[in-house]
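Below you'll find the structure, written out as structure tokens, and then a few comments.
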Amino acid sequence: DTAVSQTPKYLVTQMGNDKSIKCEQNLGHDTMYWYKQDSKKFLKIMFSYNNKELIINETVPNRFSPKSPDKAHLNLHINSLELGDSAVYFCASSQILNTEAFFGQGTRLTVV
Amino acid sequence: AQTVTQSQPEMSVQEAETVTLSCTYDTSENNYYLFWYKQPPSRQMILVIRQEAYKQQNATENRFSVNFQKAAKSFSLKISDSQLGDTAMYFCAYYSSSGNTPLVFGKGTRLSVIA
């Protein structure tokens, strides 16, 4: 059983399109995150949700909108995709805000 | 703001040898946790080891151990008996247990284990 799963693993799309990445965790954790890993492998927090409520929203364009229908799911919707959005996006979860995080396998987004 | 610095972008080690990856961090807090994550070519982020700042004893997980120097704000990872499967990016990470600061990562060290 995969603890944190995200779909799709790969996503290739054209500029201007809208796309979503889904994330689910079966660990019973209260907190979920989205991280972005750029081409230089740098990992940066984008959002953090605790019990379906937004806790952290770093400086991210408002084209990115997370949605948490329940505490086991945190989806990421991106509008009007740009070339600079190409990266690997990781979903993660933890039991209490900011304890060790368990990561999904990542989604490699390529905008062409 | 907390920062994590990994000063070695790339390292290599012969199979069965020992290698140490460096990490320093900057914080004014007293209670925090430190982690090493491994990211192999499969892209999966895997927790290798964790250290609570209030514990003086260095954490150990099989071939992986840390040298935690709280006063120096240093948190190095030692890999003993290196194996080909240890080839990966290694990230040092910090989080504070006292606030809303998210997990902060260093820029990573690419480790290559050579047969």
Only listed residue being at pLDDT below 95 and in contact with an Asp or Glu (Cβ under 6 Å, 6 or more places away or on another chain), chosen from B:Ser82, B:Ser96: B:Ser96
Identity of the residue in region A:70-112, more than 9 Å from chain B (Cβ to nearest Cβ) and in contact with a His (Cβ under 6 Å, 6 or more places away or on another chain), that ends up modelled with the lowest pLDDT: A:Gln95
Residue under evaluation B:Ser97, criteria (1) open to solvent by 30 Å² or more (accessible area, probe 1.4 Å); (2) touching a residue at least 12 places away in the same chain (Cβ under 8 Å); (3) away from every other protein chain (no Cβ under 14 Å); (4) more than 22 Å from B:Gln14 (Cα to Cα), criterion not met: (3)
Among residues of region A:65-90, those that are of a type outside the set (S, T, N, Q) and open to solvent by less than 40 Å² (accessible area, probe 1.4 Å), counted: 11
Subset tally (residues that are more than 11 Å from every other protein chain (Cβ to nearest Cβ), open to solvent by 30 Å² or more (accessible area, probe 1.4 Å) and over 30 Å from B:Glu10 (Cβ atoms)) for region A:32-64: 7
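Output the residue which, of all residues in region B:39-94 that are among the charged types (D, E, K, R) and exposed (fewer than 13 other Cβ atoms within 10 Å of the Cβ), is nearest to A:Thr2 (Cα to Cα).
Ranking the candidates gives B:Glu61 first.
Condition check ((1) hydrophobic (A, V, I, L, M, F, W, C); (2) within 23 Å of B:Lys107 (Cβ to Cβ); (3) touching a residue at least 60 places away in the same chain (Cβ under 8 Å)) across all residues:
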site: A:Asp18; (1), (2), (3): no, no, yes
site: A:Gln37; (1), (2), (3): no, yes, yes
site: A:Lys71; (1), (2), (3): no, no, no
site: A:Asn75; (1), (2), (3): no, no, no
site: A:Val88; (1), (2), (3): yes, yes, no
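The values are calculated or read from the model by the stated rules, or taken from the named source; none is laboratory data. Remember, predicted model here, so these are calculated numbers, not experimental data. All Cβ positions, glycine included, derive from the backbone under ideal geometry; neighbour counts span all protein chains shown. Side chains are part of the model used for accessible areas, which takes the heavy atoms of the whole protein and leaves out ligands, DNA and RNA. Shrake-Rupley method; radii C 1.70, N 1.55, O 1.52, S 1.80 Å.
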